[in-house]
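Visitor: Let me give you the structure first, and then I'll get to my questions.
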Amino acid sequence: MTGWIAPTPMRPLGPPLWFFFAIIAFLAVAGLLPLLVPTKKETPEEFWRGMLYINPDDPALLVRKRDGIGYTVNFGNRWSYAVVAFIVLMIAVPLVFVAVVLHQSLLQPHQISKY
């Protein structure tokens, strides 16, 4: 067939396997989050700095938001920065990977198979 572009061995077809593992890891962490939340209902007002909750004496990693629905990170807990870094990496790594793959594919000319 003339004009047919054969897939190269370096380019996998379909999403990479690490993408599925990342989704599974994210769902596992999201399922464990309620276990990290304390049972007390309200957080002291003096530890709120705008939208941030900073209380080094509170062992909880996640606390209920002061306004609205959901939870926020206790930046007084030393593990909060690891959680924020994990979330940033979950967003940045796929974006960098896609940028590198697109850059490499633009540099390589398309090969036309003679078969």
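Visitor: Using the count of nearby Cβ atoms within 10 Å as a rough guide to exposure, how do Val88, Val29 rank from fewest to most? Show your work: numbers first, answer last.
Guide: Working: Val88 10, Val29 14.
So the residues, fewest neighbours to most, are Val88, Val29.
Visitor: Let me ask you something else. Can you put Tyr71, Tyr81 in order of Cβ neighbours within 10 angstrom, beginning with the fewest?
Guide: On the way: Tyr71 16, Tyr81 11.
With the sparsest Cβ surroundings first, the list reads Tyr81, Tyr71.
Visitor: While we're looking at this one, here's another question. Once amide H atoms are placed 1.01 Å from N in the peptide plane, what residues at a sequence separation of 5 or more from Asn77, or on another chain, have their amide H within under 5 Å of its amide H?
Guide: Sorted by chain and number, the residues that satisfy this are Asn55.
Visitor: Of Phe21, Phe47, how do they rank once you tally other Cβ atoms within 10 Å and put the fewest first? Provide the component values of the computation, followed by the final result.
Guide: Working: Phe21 10, Phe47 17.
Least to most surrounded, the residues fall as Phe21, Phe47.
Visitor: Which far-off residues, 5 or more places away or on another chain, put their amide H under 5 Å from the one on Leu62, with H placed in the peptide plane?
Guide: Here Asn74 satisfy the definition.
Visitor: How large is ³J(HN,Hα) for each residue in the range 86-97, as worked out from phi by the Karplus curve 6.51 cos²θ - 1.76 cosθ + 1.60 (θ = phi - 60°), to whole Hz, x for Gly and Pro?
Guide: Whole-Hz 3J(HN,Hα) from phi for the range 86-97: 5, 5, 5, 5, 4, 8, 6, 4, x, 5, 5, 4.
Visitor: Then there's this: Can you tell which of Ser80, Leu62, Ala92 lies farthest toward the positive end of the dipole of the range 33-107, using +1 and -1 charges on the Cβ of basic and acidic side chains (Lys, Arg; Asp, Glu)?
Guide: Ala92
Visitor: For the range 33-107, with only Lys/Arg (+1) and Asp/Glu (-1) charged at the beta-carbon, what is the dipole magnitude about the Cα centre, in debye rounded to 20?
Guide: About 120 debye.
Visitor: Please list, in chain and number order, the residues 5+ apart from Leu52 or on another chain whose amide H is under 5 Å from its amide H, with Hs placed from the backbone.
Guide: Counting only residues 5 or more places away or on other chains, the set is empty.
Read-outs: derived from the displayed coordinates by stated rules, not from any lab. All values derive from a computational prediction rather than experimental measurement. Don't worry about glycine lacking a Cβ; one is built from the backbone with ideal geometry, like all the others, and counts go over all protein chains shown.
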